[in-house]
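Student: Have a look at this one.
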Amino acid sequence: MALFGALFLALLAGAHAEFPGCKIRVTSKALELVKQEGLRFLEQELETITIPDLRGKEGHFYYNISEVKVTELQLTSSELDFQPQQELMLQITNASLGLRFRRQLLYWFLKVYDFLSTFITSGMRFLLNQQICPVLYHTGTVLLNALLDTVPVRSSVDELVGIDYSLMKDPVASTSNLDMDFRGAFFPLTERNWSLPNRAVEPQLQEEERMVYVAFSEFFFDSAMESYFRAGALQLSLVGDKVPHDLDILLRATYFGSIVLLSPAVIDSPLKLELRVLAPPRCTIKPSGTTVSVTASVTIALVPPDKPEVQLSSMTMDARLSAKMALRGKALRTQLDLRRFRIYSNHSALESLALIPLQAPLKTMLQIGVMPMLNERTWRGVQIPLPEGINFVREVVTNHAGFLTIGADLHFAKGLREVIEKNRPADIGASTAPPPSTAAV
């Protein structure tokens, strides 16, 4: 009975577990690039450290070592690897420093050069340990955390919707990659606590040939489209001169009889064409491609000045759009194309037959007048959770059943120092210094 209860609870927990909408894998191929940029930043940090003067007396020997500067850092061997349970480990061995300093020595007996050499070397090693270890600690904890703070977690996409990239669990490291699960959910800015249930399949990452892989499930795109639907963005109204001229003539000719019967006095009034999406569009991802299904109402009316509008017809439109995804910089961009389109009457099959002549011109109007506006918005893209200054290059998109993956390499568009200096914390004083035991390691 206890075993049955435990099994039931496990199944219940699994039923309520939410899959990530976005996954990111960083492979070992990215570490060499990250290591080189990180070591370059470390060298620059060490060149700016201030080493205090070393002065005092040892028997008959008086000394004063001042103006110590790091002139060169040589890292003979360094490795950056993924470590299970620790995520990342940087190991540096056989490192050497070049120093420049001013010395003043006074001693009362000759032939003490070996003693002086040993004394100065020991003293400089002591000073460097006191200064370099805190720099390493500060660079690794404070400054690099400032870089990671530039990763968008929950931010606005535009004036209507935002996106939530919060981590769903701790990153998982193996010897060859680091996997991270993100919520990957959009939300209307007016309903920040709203959340679409994730019923899509879990995206999978198996590849390791590129530096980074990003996977998006159907839920990622569905939450975007539902958020825009809830924000009231998926509707369009064309009145008067905004209606294409040829379509205006065709619509007036088609509904001439209705106009005469309903209200002949408004026959020359401006024409209104309104499209309103009836339900949130849905995304389907297959190995053959990605499609978006949309159902909308199409209302045709006349709008005489200072009078109620006269509705001529109301119909339903089913459309299927193809979607092509691409990564540019660190933004996921989408290009939409109208593939299938049909209209039918809400009232009778006979009226649906009468609408057949409108099918081609309405489809042309959508392709010429509506699709460019949609693509202008979708091509702006949404940012992928990467630190500032790092971009994707040479991306390859692969479709799977229920999700797609994008493999890419990384490129530092900005130097690490430039990004960190821009986001350097204001308070970098004693509160960020390591404990003495850390500095002595």
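Read the figures in this text as sums done on the coordinates, not as results from a lab. Here the structure is a predicted model, which is why all the values come from computation and not from measurement. So basically every Cβ, Gly included, is an ideal-geometry build from the backbone, and we count neighbours across all protein chains shown.
Student: Label points 7 Å out from Cα along the Cβ direction at residue 393 and residue 297: separation in nm?
Tutor: About 5.2 nm separates the two model spin labels.
Student: Under a point spin-label approximation (7 Å from Cα along Cα-to-Cβ), what is the residue 380-residue 288 distance to one decimal in nm?
Tutor: That separation, rounded to one decimal, is 3.4 nm.
Student: Once you put a point 7 Å from the Cα of residue 260 and another 7 Å from the Cα of residue 192, both along the Cβ direction, what distance in nm separates them?
Tutor: Between residue 260 and residue 192, the simple spin-label model gives 6.0 nm.
Student: Give 29/69; 29/286; 286/414; 242/286; 69/422 a once-over and call out the pairs whose C-alpha atoms are over 32 Å from each other.
Tutor: 29/69; 286/414; 242/286
Student: Using 0.36 nm per residue of separation minus the Cα-Cα distance, give me the extension gain between residue 352 and residue 373 in nm, one decimal.
Tutor: 4.7 nm
Student: Still on this structure, I have one more. When each pair of different Cα atoms in segment 154-412 is counted once in the 1/r mean, what is the Kirkwood radius in angstroms, to one decimal?
Tutor: Details: mean 1/r = 0.0483 Å⁻¹.
Kirkwood hydrodynamic radius for segment 154-412: 20.7 Å.
Student: Would you list which lysines come within 17 Å of residue 307, measuring only between C-alpha atoms, while excluding same-chain residues fewer than 8 positions from it?
Tutor: Hits, sequence-local ones excluded: 272.
Student: Can you check how the C-alpha radius of gyration of segment 347-394 compares to 2.2 N^0.38 Å, as a plain ratio?
Tutor: 2.10
Student: Oh, and also: Name the aspartates and glutamates eligible as straight-distance cross-link partners of residue 111: C-alpha to C-alpha under 18 Å, and not fewer than 8 places from it in the same chain.
Tutor: In chain and number order, the partners are 58.
Student: Using a Förster distance of 30 angstrom, determine the FRET efficiency expected from the C-beta separation of residue 47 and residue 172, and round it to 0.05.
Tutor: Rounded to the nearest 0.05, the efficiency is 0.25.
Student: Let me ask you something else. Gain in length, residue 279 to residue 340, computed as 0.36 nm per residue apart minus the alpha-carbon separation, to one decimal in nm?
Tutor: This chain segment gains 20.2 nm when fully extended.
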